[in-house]
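Scroll down for the structure; my scribbles are underneath it.
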Amino acid sequence: MTTITISLPDDRLRALEKISARLNLATEELVRLSIEELISRPDENFKQVMKDVLEKNAELYKRLAA
């Protein structure tokens with residue numbers, strides 16, 4: 001595992017600490033979970049293409065399911 005260091009303005013750090021306290025998480029854990037969520041989420045372009053394909057083929061899927 002690799003450790004990274006980032007710089008944040010003091011007001012952003014305080015906001016992050018408030019959120020992590022409200023969620024009962026260590027600030028570092030909240031940041032790690034947020035990064036994991038960002039990385040694991042499909043990008044918006046992919047989601048839009050997938051939606052378009054599903055909508056375009058909706059009638060075909062209905063016929064195949066019958």
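As a summary of the residue check, Arg32 satisfies the conditions (1) more than 18 Å from the chain's Cα centre (by Cα); (2) basic (Lys, Arg); (3) closer than 28 Å to Met1 by Cα except for the one numbered (1).
Considering only residues that are within 14 Å of the chain's Cα centre (by Cα) and among the acidic types (Asp, Glu), look in segment 35-65 and name the one that is nearest to Thr3 (Cα to Cα). So the residue we want is Glu36.
We did not get these values from a lab; they are worked out from the coordinates using the rules stated. All values derive from a computational prediction rather than experimental measurement.
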